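Colleague: I'd like to ask you about the structure that follows.
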Amino acid sequence: MGIVAGLDSSSDSTRIVVCDTDTGAVIRQGYAPHPAEKGHEVDPQAWLMSLGEAAGNGLLEGVQAIGVSAQQHGLLPLDAEGNLVRAALLGNDRRAQSAAADLVDSLGGRAAWAQAVGAVPQAAHPVTKLRWLARHEPANAARVAEVMQPHDWLVWQLLGRPARRTTDRGGASGTGYWSAATGGYRPDLIELALGHQVRLPEVLGPSGTAGFTPEGLLISAGTGETMAAAFGLGVGPGDAVISLGASGSVFAIHHEALADSTGTITSFADATGRHLPVVHTSNAVRVLRGAAEMLGTDLPGLSELALRSTPGAYGMVMLPYLEGERTPHLPHTAGSLHGMRRESMKPEHLARAAVEGMLCGLADALDVLRGRGVQVHRVFLLGAAAELGAVQAAAPGLFGVRVVVPQPADYAALGAARQAAWALGAAHGTLAPHEPPHWPAAAGQVFDPGEDLPVGQAVRQQYVAVRDESYPDAFQAAG
């Protein structure tokens, strides 16, 4: 028995949980916001300041190991001495959109990238940021001798900046120059983007140890927030996670990497040695917020209205493509409302159509994974909108499986702590390198389709019919 800590350095704060190694029970918690710095660049020293504040008042006393989770798709360009060439570029930086298109063309198209690294470059990818640097800051680009992501850099700092630099499979799979399918880097893609080679971190296995602090504290491999959250939730084969932000994401645990010639699926690695295929949608909660504003209410008010309607929204179907869409690939389209009749044009039916349209759009993403052989028997629904009664009522029938809405918790930090316990156990010989600690899965509310399944599936079929009539080739093109 011992205690370990997991820290999650997100885009706006640091959260730390201290847990019992055997049970995963949370003993202590810490939190600190990052110093206020808006935009798509940041001095990473701000992350260290936040970490120090969150770990204050003896929070880490008695801790034997630490795991680190951090925001994904950030790029820290370093010179030959390990110093920052410029401020870190964050995942929300959209300046590199043209650089992404440039890279796609340079390698021969979307299919070539999907085959190479399991992902088609987007503005967020580190490989795309390297191309942006080469085009817009050539002097800085010429000085770049090595690159890291946020969790790599934080681990390195905690260890006192040793000669060894490390990362993990999960973090590496989000770079655009490491393949989850082959387990190897593609240095040629670095050169394609930046114009020259750089030093890359050693990729550790799931239970690997990055090193020890001078005080003897073990630091595990670390990972990206998505992978850490999945590990903290306790999801496994047969589980999918749907995250409701302004946009949406759907991911699942799978036994193999999925190469997708269209780039609809991004082939991440998870934090356990398996794979984490992800499908993104451009529209999720923004659909609900837009409908709420139109009806002069807020999200809880929209949910109340939707519950006054009936499944199928009195015949109205909303295609929720308000910001274009990634899944299906319809970047230049707009949302639309179908099936309007005089008797259906009431606030409650519009509210219901918005809820069902958002969830059907996410069901489309879920079906992309199912179509590639990913088994889905249970869905974890994350985000504040998952607490809405109308969402909870409609989701099981539309997804066709049991839905779990986990209790609020710092799941990324919990996943980082679980990784630390695994690395500690593997180092001491009490855990097998391929067997993570058996911490309980996330507790939460459970919603079964039950007798409502046929009704939900009928609503889903109505949505699919309208979608296919409006965009008949959308999913044929998406493969």
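The values are calculated or read from the model by the stated rules, or taken from the named source; none is laboratory data. Keep in mind that this is a model prediction, so the values were computed, not measured. Please note: Cβ atoms are built from the backbone with ideal geometry, for glycine as well, and neighbour counts cover all protein chains shown. Keep in mind that these areas ignore ligands, DNA and RNA; they rest on the heavy atoms of the full protein, side chains included. Shrake-Rupley method; radii C 1.70, N 1.55, O 1.52, S 1.80 Å.
Colleague: Give the number of residues within the stretch 445-457 that are at pLDDT below 95 and either aliphatic (A, V, I, L, M) or in contact with a helix residue (DSSP H, G or I) (Cβ under 9 Å, 6 or more places away or on another chain) (or both).
Modeller: The qualifying residues number 2.
Colleague: Anything in the stretch 292-315 that is aliphatic (A, V, I, L, M) and either out of contact with any Leu (no Cβ under 8 Å at 6 or more places or on another chain) or open to solvent by less than 10 Å² (accessible area, probe 1.4 Å) (or both)? List them, or say none.
Modeller: Listed by number, the residues that qualify are A292, L302, A306, L307, A313.
Colleague: Which of the following residues is out of contact with any Pro (no Cβ under 6 Å at 6 or more places or on another chain) and of a type in the set (A, V, I, L, M): V464, V459?
Modeller: Answer to the check: V464.
Colleague: Here's a follow-up. Return yes when G425 is open to solvent by less than 30 Å² (accessible area, probe 1.4 Å) and under 30 Å from I3 (Cα atoms) and no when it is not.
Modeller: Against the criterion (open to solvent by less than 30 Å² (accessible area, probe 1.4 Å) and under 30 Å from I3 (Cα atoms)), G425 qualifies.
Colleague: Which residue pairs have Cβ atoms closer than 9 Å, lie 6 or more positions apart in sequence or on different chains, and pair a first residue in the stretch 337-351 that is closer than 22 Å to Y321 by Cβ and assigned to a strand (DSSP E or B) with a second residue that is among the polar types (S, T, N, Q) and open to solvent by less than 100 Å² (accessible area, probe 1.4 Å)?
Modeller: Partner pairs satisfying both residue conditions: H338/S470.
Colleague: Going residue by residue through the stretch 368-388, is there one that turns out to be part of a helix (DSSP H, G or I), open to solvent by less than 30 Å² (accessible area, probe 1.4 Å) and not aliphatic (A, V, I, L, M)?
Modeller: No, the stretch 368-388 contains no residue that is part of a helix (DSSP H, G or I), open to solvent by less than 30 Å² (accessible area, probe 1.4 Å) and not aliphatic (A, V, I, L, M).
Colleague: I need the strands (runs of 3 or more DSSP E) fully contained in the stretch 1-98, keeping only those with at least 2 residues that are open to solvent by 50 Å² or more (accessible area, probe 1.4 Å).
Modeller: In the stretch 1-98, the matching strands (runs of 3 or more DSSP E) lie at 26-33.
Colleague: Conditions: (1) modelled with pLDDT of 95 or more; (2) surrounded by fewer than 24 Cβ atoms within 10 Å (Cβ to Cβ); (3) not aliphatic (A, V, I, L, M). Q122 meets all but one. Number of the miss?
Modeller: (1)
Colleague: Determine, yes or no, whether H434 is open to solvent by 70 Å² or more (accessible area, probe 1.4 Å), under 30 Å from A259 (Cβ atoms) and modelled with pLDDT of 95 or more.
Modeller: no
Colleague: Here is a further query. Which residue out of H332, H338, H349 is open to solvent by 10 Å² or more (accessible area, probe 1.4 Å), over 21 Å from the mean Cα position of the chain (by Cα), of a type outside the set (G, A, S) and at pLDDT below 95?
Modeller: H332
Colleague: Only one of A32, A36 is under 23 Å from the mean Cα position of the chain (by Cα) and free of Cβ contacts under 8 Å to residues at least 40 places away in the same chain. Can you tell me which?
Modeller: Checking each option against the conditions leaves just A32.
Colleague: Continuing with this model, one more query. Could you please find all residues in the stretch 204-224 being open to solvent by 20 Å² or more (accessible area, probe 1.4 Å) and more than 18 Å from P436 (Cβ to Cβ)?
Modeller: F212, P214, E215, G216, L217
Colleague: I've got another one for you. If you take the residues in the stretch 389-412 that are among the aliphatic types (A, V, I, L, M) and open to solvent by 30 Å² or more (accessible area, probe 1.4 Å), which one is farthest from S13 (Cα to Cα)?
Modeller: In this case the residue turns out to be A393.
Colleague: If you don't mind, there's one more thing I want to ask. Taking the stretch 61-112 as the search range and keeping residues that are within 21 Å of E225 (Cβ to Cβ) and without any contact (Cβ under 8 Å) to a residue 60 or more places away in the chain, which one is farthest from the chain's Cα centre (by Cα)?
Modeller: Among residues in the stretch 61-112 that are within 21 Å of E225 (Cβ to Cβ) and without any contact (Cβ under 8 Å) to a residue 60 or more places away in the chain, the one farthest from the chain's Cα centre (by Cα) is A87.
Colleague: I need the full set of residues from the stretch 442-467 which are in contact with a strand residue (DSSP E or B) (Cβ under 9 Å, 6 or more places away or on another chain), loosely packed, with under 15 Cβ neighbours inside 10 Å and either in contact (Cβ under 8 Å) with a residue 12 or more places away in the chain or not in a helix (DSSP H, G or I) (or both), in order please.
Modeller: Within the stretch 442-467, A443, Q445, V446, D448 qualify.
Colleague: Does at least one position in the stretch 280-288 carry a residue that is at positive phi, open to solvent by 30 Å² or more (accessible area, probe 1.4 Å) and not basic (K, R)?
Modeller: Scanning the stretch 280-288, I find no residue that is at positive phi, open to solvent by 30 Å² or more (accessible area, probe 1.4 Å) and not basic (K, R), so the answer is no.
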